[in-house]
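As structure tokens, the structure follows; a few thoughts come after it.
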């Protein structure tokens, strides 16, 4: 499948290569830019200037004069050292509308890659409800997985369950030793109280700390009875966490327990192989990797694989998990908080020492409250469930103002609330921090999910008015500036998918969704549809816009509402 902009880009590159060879005898890598509101594609001539000893303005003019046009190229012009290319409007109109009609929900999808990708995301300690500070992880991970699937990859999402660490051991001790009356509908909210109280006691009481450490030791040694007892407790919490994720349209394909790699001997094998490396050292009976040759200095230059008692550490077990993932997938993508950068570096170095696949990592900055960082342990959080509930309440009021109270109110309010939450998080590049504020998260105007959902609903409303007897327009030509802008935005969608995958950045799709919704609104404002002499062609454009906005919202995990 070749989409219009792909065909246009290839034709431009082909012409440029031919002209550069004929005019100057050079073989140049063609790097094209997409200048907003100036041209459809542009070729900068500045890098050629020094090589050819000519001004970029002169080079651009010579190149432009040598290209008369083509199947997809309508016009070429030289401006300030750039060769600007304009796509053939008639061809892009005809081909784009045809492809959207024929492909529907598949429009924008890329060719199948036959590449299996494991996307690990969320992997939060199952010791209490997900809070907003960590909710960025599953939303980024789920959206990345959706984009990759749309881009032709075979994707499996995984949640790595830390069932051997301090967090679940503390939770387990609290449930078994404390009697705390708690009223909560969900298990994750009920059990977090035991975790928080156990954590407070551990910090003050040496005996409690020793008991929790003994639980951790038994888990790390692979004691089946202890692991099973701990599992019975944390799985109740995990159930509640997954229920919250389902509410915001996130489902995880596979759950992989950390203990698996202790029980099957994988961790022991990792330690043995790394201990044989020339980079391995000993600190008493503890084994560590010297990280200085890999550029890690200071107090973090030692990467410990084992403690002095021979038990493994979390990162060692994480290496075993990555070896297993590498055997079961062509690519690994991890979504991790920025506080995991050092450990992720250690794991990457260890995998390189073992000459195994290394993962790509998408690091995200945390969401904080205006008063500071969120913490489950300290109980200073806004839980995801609280956010969803508040979003629902606010969405319900907004929707009721617009349509009154009918049987669809709850469904629409839920879809608007979930969309507001997901979009507010995904529209910001992962590496940028977010200070969580209610008024911004639940903004129903401007660059927000409700704005995009409303554009889709408006498209659907026009199509309903047209009815099922609409004629398929054979003459697809557009002249008004708003028509052409919207058409080009629709044609750009497959390029957006490619860019988002290339940059591993879901914010690219979120921004595009807002831009196409804005383009549709401008078209709707400027161009009469129903009753116009060019109604058929404009209805075709409305329907194509509807389909692409729907496809965008699907990728973003947001409901494409037909009415609001």
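Laboratory data are not the source of any read-out in this text; all were calculated from the coordinates shown. As the structure is a computational prediction, the values presented were derived from the model and not from experiment. Cβ placement follows ideal geometry from the backbone for every residue including glycine, while neighbour counts extend to all protein chains displayed.
Relative to the compact-globule estimate of 2.2 N^0.38 Å, the Cα radius of gyration of the chain comes out at 1.15.
The angle separating the long axis of helix 481-503 from the principal Cα axis of greatest extent in the chain is about 30 degrees.
Relative intensity of region 384-555 on a log10 scale, I(q)/I(0) at q = 0.10 Å⁻¹, equals -0.43, per a Debye sum over C-alpha point scatterers of equal strength in the absence of solvent. By DSSP, the beta bridges lying fully in the chain are antiparallel in about 50 percent of cases.
Note on region 93-175: Cα-Cα pairs beyond 21 Å make up 52% of the total pair count.
What does the convex hull of the Cα atoms come to per residue for region 462-555, in Å³?
Numbers: hull volume 9.2 nm³, N = 94.
Normalising the Cα hull of region 462-555 by residue number yields 97 Å³.
Once the Cα atoms are used to define both axes, helix 206-220 deviates from the longest principal axis of the chain by about 60 degrees. When shorter helices are ignored and each DSSP H run of at least 4 residues is given -39500 (n - 2.57), the per-residue value for the chain at 222 nm works out to -18000 deg cm²/dmol. Centre-to-centre separation between the Cα atoms of region 81-96 and those of region 495-533: 18 Å. Size descriptors for region 138-276, from the alpha-carbon set: Rg then Dmax equal 17.8, 55 Å.
Highest mean first, what order results for 41-51, 317-327 on Cβ atoms within 10 Å?
Order by mean packing, descending: 317-327, 41-51.
Computed with the Debye formula from one identical point scatterer per Cα of region 301-344, without solvent, the log10 of I(q)/I(0) at q = 0.23 Å⁻¹ comes to -0.93. The value for region 2-158 of Rg(Cα) / (2.2 N^0.38 Å) is 1.46. Annotation: peptides 240-252, 503-515, ranked by per-residue average of other Cβ atoms within 10 Å with the highest first, follow the order 503-515, 240-252.
Assuming a viscosity of 0.692 mPa s and a temperature of 37 °C, what translational diffusion coefficient in µm² per second does Stokes-Einstein assign to region 4-87, Rh being the Kirkwood radius over Cα pairs? All intermediate terms of the calculation are to be shown ahead of the outcome.
Numbers: Rh = 12.6 Å.
Using the Kirkwood radius from Cα pairs, D works out to 261 µm²/s.
Here region 121-368 is treated as a Stokes sphere of Kirkwood radius computed over C-alpha pairs; at 20 °C and 1.002 mPa s its diffusion coefficient rounds to 111 µm²/s.
Computed from Cα atoms, the angle from the helix 187-204 axis to the main principal axis of the chain rounds to 50 degrees. The Cα center of region 182-227 and the Cα center of region 123-139 differ in position by 19 Å. Would you please calculate the Kirkwood hydrodynamic radius of region 50-131 over all C-alpha pairs and express it in Å, rounded to one decimal? Taking every pair of different Cα atoms in region 50-131, averaging 1/r and inverting gives 18.1 Å.
Quick one: plug the Kirkwood hydrodynamic radius of region 283-407 (C-alpha pairs) into Stokes-Einstein at 4 °C, 1.567 mPa s, and report D in µm²/s. Walk me through the numbers before you get to the answer.
Working: Rh = 18.5 Å.
This corresponds to a translational diffusion coefficient of 70 µm²/s.
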